[in-house]
Every structure is written in structure tokens, then in C-alpha cells.
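Scroll down for the structure; my scribbles are underneath it.
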Amino acid sequence: MRRCFSTATNYFEIHLKNELAGIKNAGTFKTERVIQGRQGVLVKVTGSDKPVINFCANNYLGLSSHPEVIAAGQKALETHGAGLSSVRFICGTQDIHKELEQKIAQFHGTEDTILYAACFDANGGIFEVMTGEQDSIISDELNHASIIDGIRLSKAKRLRYKHLDLGDLESKLKEAEDSRFRLIVTDGVFSMDGDVAPLGDITSLAEKYNALLFIDECHATGFFGKTGRGTAEAVGGRPDVINSTLGKALGGSMGGYTTGPKPLIDLLRQRSRPYLFSNSLAPSIVGSSIKVFDLLMNDSSFIGSLQTNVSHFRKSMAANGFTILGNDPTHPICPVLLGDAKLAATMADELLKMGIYVIGFSFPVVPKGKARIRVQISAAHSKQHIDQLIEAFATVGKKLNVI
């Protein structure tokens, strides 16, 4: 039997349908492809006759289904249960949570770490604790949505500087000279463009103007830099506070964290709302994540394989006439610029027919007229996988008059 709705509800439903129709007409409606089975280099997607090669996951090291990572999660499930049914400060902290926090601090060379359900929560919970009305936050204009939302919760003065523009950053630092604290906020790597922040130069400005430096390392931790320590290791610099995720290269499950000075971490445990009012990370996730850090700190050979794959793809695509975004040719985020939103969606569909799983990105995720297919390379991809990707792009690119 159909429920009867009020007039307000009916009008609201009409509004929602009109919004959805507008998104579809613009060619930016997002559909979710369904994977059957584990995440990995080869995945079975509902509607496809055979497995396809996955080039759109944040699985940069191929650890999402690594047998040792899975086994560690299973062991933690058996020894520590399915979940805590509690926030951390009531009865939601186990020995393995503290062990993981210590390993993360060891990995980054920091004093302490606090875990969150996601890095979105870590970004949502840090700025209102770090800053107040007497302070200024100076943020790159293309920082991640979670950073933008987190900054909105702070009472600090908010200033944005042009993307990667050191001159504009310096002018904003001067503008905020009367602040008690000035906090520079940047992504280490910007996920839609593959741009790497000039962290060494930003650090120099922070020191010159006695400012603090915060960096989000979600698309760097574990795989960027010689031993995977992230942007600072790759290009230099010294951030005061690092936020990152367990949900990408570090096993791909869930969870985020803030790592930095112990007094800051202690204060976050007292005042950070996403930490205080969210359930603890499940033991299986914690167990898997501990194993990931053990693997990385004992063997960084994953990173060499990744660099070889990235170099081969970028050089071959450029030779074929494609425009690959990003200011650092060593980073595995390789956005193929197409411009038109419908073209990006069509090309992704055509590539799927050829066994290549990628996704087109368009407004509002990226600026209008800057639609692209974001290719993400993994250490787990073989040279044959990369060659198939390059060949498929060339075939579809010619078919759609892209090259």
C-alpha cells in the first residue's frame, strides 16, 4: 500500500527529482559500479563478462587484499572481537589501538597519534581545537572538501591563497600578521590534479613568518618518497601536524589519524568532537593496519615497483598525444585531461568494454571544462597491465577523436 505524504513532502520530492534531472542533463550523474569479490588489480564488475583491470582505486601498494594484511585482520577479529560498541574514552580503547597509534608515530617520526573513524573526521575535528578567534587559517584554494568543512567549524579568520602560489601565500601571511597563531593548511598531494605541494618552500615561509604548518597526506602516506614517508620525504619540508588515512595505500579499509606533538594529541582527545562522539575503529581494521605498517617499515620495495609503472604510463601516454596533469611525474595519480564531462563519461564506458576500469571526473568534483579520467597506478600492476591500459586509451582516444 502506498503511503500518503503531506503537500510539503510532495513538493520536496518534486524538487529532488528536478535536481537529479539537472545533474543527469549536465552529464555529471554518478552511478556506482558493483564489484563482486575482493578489491584488487583484477576485479569482477557486475555487467562485465570477465574480470577487468582496476585503475581507479587508491590501492597504491596493492595491500587491500594482501594475504598477510587479511590474516592480521582475521586474527584481530578472533582475539579482540567484531567491535567495541563504544567511543574511545568510555570503554573503546584496546591495547591494539594504542599499538597502532604508536606505530604511526614511529613511522612519521612524531610524538603521538590519535585515531579517527576516517580522515574526513580527523580533518573535521582538528581546526576548531587548534585555533580560535585570535588566530588565522591560511588554506590552499584547492584543498580537499574535508579540510574546507573542518576549517568552517573554526572561529579563526579564514584566508585562501591561490593554488600552489607561494607569492599569494606570503601576502596572506602578511595580511594575518596580527593573529596570535597563523596556520598554513595544505594537501601534500592534491587528489584531482596529482599536484604536489612545494612543501620545502612552504616550510620556509612558515619559519619566516612564525606560522604553523598542517598537511593532509592521504594521497602520499606509504608510497610517496623514498621509503613512503610522504611529501616531506619526497620534496622536503617539515610539517608540524600531519593528517592521513588508513583507507588508501595503507590497506584500504577505514580510519584516519592526526599525528604530531603530544600536547596537541592530548588536547584532541579532550575536545575533538568526531573523536569524542564516534565509535572506535573495529579491531579487524586495527589489526590489518598494524600489519601494513610492519610491512612498510621492514620492506619498502613496493615503492620501486610503483615508480617503474608510473614512469612507463606517463611517458607512453604523452607520446600518444594525451595530456596528463600533475606537477610531479613520479606520483601515481595520473589524470588524463579531456575537458568535456560527457566525453569523460563516454570514454570511461568505452574503456570498461575493453577491460579497463576507470572513472570520469567532472564538475562539481573538478572545475567546469576540466573533466578528466583519473588513472591511479598501483605497485601491484604488472607491465602487461600497464601496456593494456596504454593500448586501450590509444584505441578509444582515436575512436572519440581525442588524439
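Every number in this text was worked out from the coordinates using simple rules, so none of it is lab data. Keep in mind that what you see is a predicted model, and the values were worked out from it rather than measured. Here Cβ is always computed from backbone atoms with ideal geometry, including for glycine, and neighbour counts include all displayed protein chains.
Quick notes on this structure:
- Net charge of the neighbourhood of R372, taken over other residues with C-beta under 11 Å away and scored Lys/Arg +1, Asp/Glu -1, is 0.
- Rounded to the nearest Hz, the phi-derived 3J(HN,Hα) couplings of segment 294-307 under the Karplus curve 6.51 cos²θ - 1.76 cosθ + 1.60 (θ = phi - 60°) are 4, 4, 5, 6, 9, 7, 9, 5, 3, 5, x, 5, 4, 4, where x marks glycine and proline.
- Positive minus negative residues near S300 (Lys, Arg vs Asp, Glu; Cβ under 13 Å): -1
- Base-10 log of normalised Debye intensity for segment 85-133 (one unit scatterer per alpha-carbon) at q = 0.23, 0.24 Å⁻¹: -1.01, -1.05
- Average projected area [Cα convex hull, segment 39-182], square nanometres: 13.2
- Counting DSSP beta bridges with both ends in the chain, the antiparallel % (nearest 5): 55
- A cut-off under 15 angstrom between Cβ atoms defines the neighbours of D266, and their net charge, with Lys, Arg +1 and Asp, Glu -1, is +2.
- Ellipsoid equivalent to the chain - semi-axes via the Cα gyration tensor, in Å: 33, 27, 26
- Relative contact order, percent, the chain [alpha-carbon distance under 8 Å, six or more residues apart]: 21
- Rg followed by Dmax, in Å, when segment 67-298 is reduced to its Cα trace: 17.4, 55
- Percentage relative contact order, segment 132-186, counting C-alpha pairs under 8 Å, at least six apart: 52
- Of all DSSP beta bridges in segment 67-298, antiparallel share, percent nearest 5: 40
- Mean Cβ neighbour count within 10 Å, used as a protection proxy, ranking 191-199, 363-371 highest first: 191-199, 363-371
- Choice from Q376, Q270, Q39 with maximal GNM fluctuation in the chain (Cα, 10 Å cutoff): Q270
- Diagonalising the gyration tensor over the Cα atoms of segment 1-95 and scaling each eigenvalue by 5 before taking the square root yields semi-axes of 38, 27, 13 Å, largest first.
- Taking all Cα pairs closer than 8 Å and separated by 6 or more residues, the relative contact order of segment 98-257 comes to 22 percent.
- Distance from segment 354-402 to segment 170-209 (C-alpha centre basis), Å: 32
- Taking the helices alone, the chain has a mean residue ellipticity at 222 nm of -13500 deg cm²/dmol, built from -39,500 (n - 2.57) per DSSP H run of at least 4 residues and averaged over all its residues.
- Computed 3J(HN,Hα) for segment 70-75, one whole-Hz value per residue from the Karplus formula 6.51 cos²θ - 1.76 cosθ + 1.60 where θ = phi - 60°, is 5, 4, 5, x, 5, 5, glycine and proline marked x.
- Segment I23-D294, length gained on full extension (0.36 nm per residue, minus Cα span): 93.1 nm
- Per-residue ³J(HN,Hα) for segment 112-118, Karplus 6.51 cos²θ - 1.76 cosθ + 1.60, θ = phi - 60°, Hz, x for Gly and Pro: 7, 9, 10, 8, 10, 5, 7
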